[in-house]
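The structure under discussion appears below in the form of C-alpha cells.
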C-alpha cells in the first residue's frame, strides 16, 4: 500500500515471485471511469474508490482462487479503506511503502505511459493517512532505497508477521 509512485507494483511483483505467490495489480480492478478520471488529472473521491475497494476485497477473500494467499497492490491510503479490506479479508496484512513526495513524483515522471500523472502526487499525499500504531497488521518499509533492499525488508517483515517499522537499505 502507499501513494502512486511508491513502488507497489515493482516491489509487489518481486515479493510475489520470491514467495511463490500469485500477484494481482489492483489498478486492473479499477473501473474505466476511474482510469480516465486519473488520466485527465482529477483525483478520485471516496465514492470513486468504493467499487474498486470492493473488488480488491473480493480478490483478497477469494480462497478458492488463492488458497495459499496472494500479493496484491492497493493504495489503501485511508484508515477506512484498510478497515474495509480487513472486513472483506480477515487476516490481511499490509506493507506500507513509505516515500517522500519528491521520490514519488520523480518515479511517476519516469513512467509517462502510466495513467496516473505526477500532478496528482499532492492529492495522494493529502489523502494518505499513515498507519496508526494500533494497526498492528501494517508494517512500514522505507521504500526510497534500492529495490533489492526494499524487497528483502518486505519479505522479512511478511515472514516475521510483525507490524513494526522496517528500514530498507
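The values are calculated or read from the model by the stated rules, or taken from the named source; none is laboratory data. Here the structure is a predicted model, which means the values were calculated and not measured. Counting neighbours? That spans all protein chains shown, and the Cβs are built from the backbone with ideal geometry, glycine included.
Out of all the residues in the range 43-66, which are closer than 22 Å to residue 126 by Cβ and not in a helix (DSSP H, G or I)?
43, 44, 45
Just checking, does the range 119-126 include any residue being assigned to a helix (DSSP H, G or I), modelled with pLDDT of 95 or more and either over 27 Å from residue 38 (Cα atoms) or over 16 Å from the mean Cα position of the chain (by Cα) (or both)?
No: the range 119-126 contains no residue that is assigned to a helix (DSSP H, G or I), modelled with pLDDT of 95 or more and either over 27 Å from residue 38 (Cα atoms) or over 16 Å from the mean Cα position of the chain (by Cα) (or both).
Checking the conditions here, which among 40, 75 is under 18 Å from residue 121 (Cβ atoms) and exposed (fewer than 13 other Cβ atoms within 10 Å of the Cβ)?
Being under 18 Å from residue 121 (Cβ atoms) and exposed (fewer than 13 other Cβ atoms within 10 Å of the Cβ) holds for just one of 40, 75, which is 40.
Say whether the condition of being over 12 Å from residue 73 (Cβ atoms), part of a helix (DSSP H, G or I), in contact (Cβ under 8 Å) with a residue 60 or more places away in the chain and touching a helix residue (DSSP H, G or I) at 6+ places or on another chain (Cβ under 9 Å) is met by at least one residue in the range 18-29. Can you show your working first?
As a first pass, look at the range 18-29 and keep what is over 12 Å from residue 73 (Cβ atoms): 18-22.
Next cut, part of a helix (DSSP H, G or I) only: 18-19.
Filter once more, keeping what is in contact (Cβ under 8 Å) with a residue 60 or more places away in the chain: 18-19.
Add one more test, that the residue is touching a helix residue (DSSP H, G or I) at 6+ places or on another chain (Cβ under 9 Å), and what stays is 18-19.
Yes - at least one qualifying residue is present in the range 18-29.
Condition check: within 27 Å of residue 147 (Cα to Cα), modelled with pLDDT under 95, over 11 Å from the mean Cα position of the chain (by Cα) and part of a loop (DSSP other than H, G, I, E, B). Does residue 5 satisfy that?
Values: within 27 Å of residue 147 (Cα to Cα): yes; modelled with pLDDT under 95: yes; over 11 Å from the mean Cα position of the chain (by Cα): no; part of a loop (DSSP other than H, G, I, E, B): yes.
In short, no.
Every residue, every condition in (1) under 24 Å from residue 133 (Cβ atoms); (2) surrounded by 13 or more Cβ atoms within 10 Å (Cβ to Cβ), yes or no:
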residue: 23; (1), (2): no, yes
residue: 35; (1), (2): no, yes
residue: 64; (1), (2): no, no
residue: 85; (1), (2): yes, yes
